[in-house]
1. Taking region 82-115, which residues are acidic (D, E) and closer than 15 Å to K272 by Cβ?
2. Here are L207, L202, L246: which of them is more than 21 Å from the chain's Cα centre (by Cα), surrounded by 19 or more Cβ atoms within 10 Å (Cβ to Cβ) and at pLDDT below 75?
3. Can you tell which of W109, W133 is in contact (Cβ under 8 Å) with a residue 60 or more places away in the chain, in contact with an Asp or Glu (Cβ under 7 Å, 6 or more places away or on another chain) and either small (G, A, S) or surrounded by fewer than 24 Cβ atoms within 10 Å (Cβ to Cβ) (or both)?
4. Given the options D142, D114, name the one that is charged (D, E, K, R) and over 22 Å from Y300 (Cβ atoms).
5. Does M315 satisfy the criteria of being surrounded by fewer than 23 Cβ atoms within 10 Å (Cβ to Cβ) and out of contact with any Asp or Glu (no Cβ under 9 Å at 6 or more places or on another chain)?
6. When you look at A97, is it surrounded by fewer than 23 Cβ atoms within 10 Å (Cβ to Cβ) and at negative phi, yes or no?
7. Taking the condition of being among the aromatic types (F, W, Y) and in a helix (DSSP H, G or I), how many residues in region 113-167 meet it?
8. All but one of (1) at pLDDT 95 or above; (2) among the β-branched types (V, I, T); (3) within 27 Å of P226 (Cα to Cα); (4) surrounded by fewer than 24 Cβ atoms within 10 Å (Cβ to Cβ) hold for V374; state the number of the condition that does not hold.
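The values are calculated or read from the model by the stated rules, or taken from the named source; none is laboratory data. All values derive from a computational prediction rather than experimental measurement. Using ideal geometry, Cβ is built from the backbone for each residue, glycine included, and neighbour counts are taken over all protein chains shown.
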Amino acid sequence: MFRLLGRCLSVIAFILFINYYVRKAEYRPTDLTECLKPPSVQGYPSIEINKVMTSDGVTLELWHIPSKPTKPGLPQIPIQPVLILSGLQCSSRDWFAGLDKDALPWLLWDAGYDVWVGNNRGTVFSRTNGWNWNVLDMADYDFPTMVSAVIERSSATSLAFVGHSQGALQAFIHLSANVTTSKHISYLVGLAPPVYLSQQRLIWSILSKLHVDAIVRKVTARPGTPFSVYEEMSRTRCIGTSIKWLCKSCMDDMGGSFVPGTAGFAPTCEDKFNCIPAGTSSDNIQTFAEVMRLGSFQEYLTRIGRPINFTALTMNISLGAGQRDLLMYPADVARIRAQCRPASVLDFWVLPGSGHLDLVWGKEAPNKLYRPLVQRLQQHFRPWT
């Protein structure tokens, strides 16, 4: 039975591949140059674009919102930077979508912080000479490069880090094994970190357990190549449509978004998915497919001799999860807290009714997640106000 089902899925994958080329002309082509334009909000500073290069030659883009100047007559106070990093196939753009002035970067700037929003390799905001890499390379090269750049360019001694999904995973992997970078992190916030998974999409279970990704890898997503064919297929399916359930399925494929913000920059589903997927490598997708089969990134890392040592994390930590996240249950995120040093995890926020992406652009995120997050940072990582 499973052999027959596997053959059927192979045919489906082939049909989808052919369908992409046959129907490509029918869709409005995705103009990714529009993704490169930072959003703007009246009364807030313009976002500055910074380029940094990793030690293995990848160019990354950092968006920077400079902190407020010191008030006249007051002594100069050291800048307090916060670095924000998005998840798999997402980018700096998504942190501003649908929430207007209540987006996390603007709230942090309002609180007096020097705000930096990063981008990983493979996204439209990066330049890479090759595609033989996965999330481990992002943890080993991208994350420390961004941290070092923020520290150097802000002349600060440390920063607070906020990571969503893969962005949080990179931080956990790197910081648990690297004391040099760890000493520069004053506070760590992990939102929906995919260390332990309980993914709930039936199609994901079928595709991963039957190794359909191995079939796709032989056709269009070969090792060492960008995952661009399927990313374009995803974008053309998700944008340019007014069919509500179809747009919802796009969000479900990314872990769910049940209460997305609809104000200001990128208010609609089409606006949000104009630049999603933002790009990654076929090798990285293959890694995530393998992790889905194992049910845990920690299990995958243990098998290759690089398990996350949560007790090595010396900074204070806050964790967040979506109650309806389709990639993990809140209990999966709670397992991280249980493995950290006693009393080091100060908060565990669970956003009611929210999916994976709602921790980035959900309507309830500003009041139930971001403002408590800012208050926590002010207690342990206080800027000039």
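1. The answer is D94, D100.
2. L207
3. W133
4. On the way: D142 fails: over 22 Å from Y300 (Cβ atoms).
Residue meeting the stated conditions: D114.
5. Judged against the criteria, M315 is a match.
6. On the way: surrounded by fewer than 23 Cβ atoms within 10 Å (Cβ to Cβ): no; at negative phi: yes.
No, not satisfied.
7. Going through region 113-167 one residue at a time, the tally reaches 2.
8. It is condition (3) that V374 fails.
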